[in-house]
Every structure is written in structure tokens, then in C-alpha cells.
Amino acid sequence: MQFLAKGIVWGVLSIVLTGCFGAGSQKPLHPSICEILDDNDEWIEPSLRAKENYGTPVFLSLALLELPLSDLDKKHVRPRTADWDEYRIRSERWDASPYEPADAVDFAAWFASETSKRNKISWGNVSGHYLSLRLGHGSFARFEKGQFPQLEQQAQQVSIRAQRWERELAGCKDVWLSEGWLNKLKLW
């Protein structure tokens, strides 16, 4: 009986100590946009240039891109063919490619700007911008809620991510200002 009691005590003690000295903190489920941009700085300059050219907030341009941003060997934006052609004609960027980070960000910012003008969607309505990107401007104008539930759910997820990134970008300011070279960039 005494042997069983000692075994239980040692068992409980080992579980408690394992909890105290175990794996420690885990990586967050979603890395912050600051970490993503620090690791993949090819997104920073095009995002700022696009903001300057079209007025589109950085968080919105980045949120409309295909994830993960760290994977550079893929299509970063999946526009409808007609929208991509219109972008290339209007921007006179005939060699633009959705596989290039700079072109993808520029397209996303341009498209969001066009959506804002044509469909009267505010910058804060990320779901609307996402739906317009997926459906096209005309289809979005005729869109009725509940028509495409899966697409609406994706739009909601993109909106949540964009809101998180908007908050996080404001926090990046302090980190980046202390580094010096990003001092002149205005993400916030």
C-alpha cells in the first residue's frame, strides 16, 4: 500500500514538473504581419508604392493576396482574366506577372482602388473588396447575400486577418523605427 502511495506521489510530481519545465511557449497560430514582412521584405516597398499610387491601405493590399506570403514560388494573386488584362492595359505594365510580389501587390492595390470607386466600397470593408476581387465589379454589384456562402465565409476570414494586420502594422512602427532604415516608410 505504501509502495502504491509513493508511486502515485512520484507520478503526480513528475507530471507537475513536466508541466513546469516542458515545451514552454508555443509559436502563435498566426505569425504577426511584422514578422512576415521582416522575413519577406520584398513585400514592403511595393506595398508602400501601391499605397502612394492608389491610396490603398497596406493592410488591404496585403490581405487580398494569396497566403502564405513567405512562399515566393507561386501565384500571389488570382485575378479574373478580364481584370488582369484591364490592369495591364491601364497601368501599361505589359510584362506584369501574378507570380511577382511587386506586380501582385500593385494589382491588389489598383483593384481595391477601382472597387472603391466603382462599387462605392470603403477601405474598411475588406469583405466587399475580397468578394469584388473574386466575382468582378459587375457581379459584385448584382451580388445577393447568401448566393455564395463559401465565398462569403472566405471573405469574412480575409476581413478578420486584415483587421488583425492593420492593428499589428501600427505596432511594427516602433520596432522598425528603432532599426533606422524603415524610418522614412509610412506604413502607419
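Each reported figure results from applying straightforward, stated rules to the coordinates on display, with no laboratory input. Just so it is clear, the structure is predicted and the values come from calculations on it, not from any experiment. Note that each Cβ is placed from the backbone with ideal geometry, even for glycine, and that neighbours are counted across all protein chains shown.
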Between SER91 and ARG167, what is the spin-label point distance in nm, taking each point 7 Å from the Cα along the Cα→C-beta axis?
3.1
Between ASP38 and LYS75, how many nm apart are label points set 7 Å from Cα along the C-beta direction?
3.3
Ranking request for peptides 128-135, 152-159: highest mean number of other beta-carbon atoms within 10 Å first, then the rest in descending order.
128-135, 152-159
Stokes-Einstein at 20 °C, 1.002 mPa s, Kirkwood radius from Cα pairs: D for the range 32-181 in µm² s⁻¹?
137
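So for the range 36-114, Kirkwood radius off the Cα pairs, Stokes-Einstein at 37 °C and 0.692 mPa s: how many µm² s⁻¹?
Details: Rh = 12.3 Å.
Translational D for this selection: 267 µm²/s.
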